[in-house]
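Asker: Below is a structure I'd like to ask you about.
A short reminder: the numbers here are calculations on the coordinates, not readings from a lab. Bear in mind the structure is a predicted one, so any value in this text is a computation, not a measurement. Positions of Cβ are backbone-derived with ideal geometry, glycine not excepted, and every protein chain shown enters the neighbour counts.
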Amino acid sequence: MKIILLEDVKGKGKKNDVINVSDGYGNNYLIKNKLGVLYTKGSSNVLNKELKELKEEEDKLVAELNDIKNKLENKEIKFQVKTGNNEKVFGNISSKQISEKIKELGFNIDKKCLKIDGNLDTLGVHKVLVQLHKKVNFYININLVK
């Protein structure tokens, strides 16, 4: 029996997947609990329409995020820091602090989108990866100065 999943089902598939299952499992669990619907010509058309709309929404989102990427890519953000011996920075710069500086520039980027390799605890320029979407990644430069 072919079923279109309406929700993610652990071990079976994700939402909008078409899967083959036994008749009993399909009728008594998936359909009964509204986790899936029987695959028919009508339900297939609805699924295709829904997938097309989701793709259009994602393409629009990616275009917006690419616009942000073009404005921020390789941009340098300066942080005034205090240092101790050997030019070692007291503490380090966090993703929250970087996110707040980016907000001051007019872009709302969540701190979870910032991927920092190691600690930002030495003077100089550090590259930080920004992952806005699985298709939109870029680097910004964080400059730590006295």
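Asker: Bin width 5 Å, origin at 0, all Cα-Cα pairs of the chain: what percent of pairs per bin?
Answerer: Taking all Cα pairs of the chain, the binned fractions are 2, 9, 14, 13, 9, 8, 8, 8, 8, 7, 6, 4, 3, 1, 0 percent.
Asker: With a sphere of radius 11 Å drawn around the Cβ of ILE19, what net charge do the other residues whose Cβ falls strictly inside it have (Lys, Arg +1; Asp, Glu -1)?
Answerer: For residues surrounding ILE19, the net value is +2.
Asker: Continuing with this model, one more query. So what is the relative contact order of region 74-145, in percent, for Cα pairs below 8 Å that sit 6 or more residues apart?
Answerer: Rounded, it is 38 percent for region 74-145.
Asker: What FRET efficiency comes out for the pair VAL145/LYS14, r = Cβ-Cβ distance, R0 = 35 Å, nearest 0.05?
Answerer: 0.15
Asker: While we're looking at this one, here's another question. If the limit is 25 Å between Cα atoms, which of LYS12/LYS115; LYS14/LYS41; LYS49/LYS71; LYS78/LYS134; LYS82/LYS111 go over it?
Answerer: The answer is LYS12/LYS115; LYS49/LYS71; LYS78/LYS134.
Asker: Could you list PHE138, PHE79 in order of exposure, starting from the residue whose Cβ has the fewest other Cβ atoms within 10 Å?
Answerer: The most exposed by this proxy come first: PHE79, PHE138.
Asker: Right, here's the next one. Rounded to the nearest 5, what is the percent of antiparallel bridges among the DSSP beta bridges in the chain?
Answerer: Antiparallel bridges make up about 80 percent of those DSSP assigns within the chain.
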